[in-house]
Every structure is written in structure tokens, then in C-alpha cells.
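Notes for the one structure printed next.
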Ligand code: NI
């Protein structure tokens, strides 16, 4: 089995907020991510697929095509957007990196499966020092 990773970027605004809690508790738990007037992150997403190199190409899948799919189904929907307000597939969810990573899997996996590609993992960097990994379950 061979693994191929494509890296893409997007910038987005968000706020972490539990509406059941007081402002004080939100600020205590979520820190700077609870800023009431939003803030942004420079995200980096690593999408890893797996498969066997094809006899005709030596590729497991065309990396350019993978980039086009990630842009169409993820980056174009969230780049320079507000994750809490503007993104259909984040509606009603916490906009944590954890939740966003799982939602991105949900965006990409069916599209890739349709093209005969097995998605292995999504790794999402919210900052250079914090990243989430998701393997589909
Ligand atoms: Ni934040």
C-alpha cells in the first residue's frame, strides 16, 4: 500500500462558544478562541490517500486532481469565511479543529470514493503547534 499526501491552505475566522455557558466560563475554557468579535487562523490541511500504483501511470491517483477536489469541496467553501456563520457543513457544530477535521472528512470521503480512491487520513493544522488527525472513525 502506498500513501500520497496533498497539502493545501486556507484562512478562516471562528469563535468557540458554548451558548449554555456564561461569557466568563466560555473565556475560561476556550481562551482567546472565545473572543466575542471573532479571530482567524491560518490552517494547513494534509489529505492522505492510499492505494497501489496503477500500471499505466505509476500513480495511485493524480495529485493535481486531488488538489482540485480539495479546493472545490473544502477550501473554496471555507477560505476567508467565518466558520460559525458562512459554512454549510459546519452549521450547528463547534468550530474546533477537531470538529472541522471530521466535517472535512465528510466532505471529501464520498467524492474520493466515487473516483475509486481510498481516503486514509485528514491532518489539520490550526496553528504550527496544534494539529488534529482523523482516520474516519
Ligand atoms: Ni481559534
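FYI, it's all coordinate maths here, none of it is from the lab. Keep in mind that this is a model prediction, so the values were computed, not measured.
Using the alpha carbons alone, the radius of gyration of the chain stands to its Kirkwood radius in an Rg to Rh ratio of 1.04.
If you average the alpha carbon positions of segment 67-93 and of segment 97-125, how far apart do those two centres end up, in angstrom? Centre-to-centre (Cα) distance: 13 Å. Of the residues 72, 44, 114, the one that moves most in a GNM of the chain with alpha-carbon contacts below 10 Å is 114.
Of all DSSP beta bridges located in the chain, what percent are antiparallel, nearest 5?
Here the share of antiparallel DSSP bridges comes out near 95 percent.
Mean separation of Cα pairs under 8 Å and 6 or more residues apart, divided by the residue count, gives the chain a relative contact order of 30 percent.
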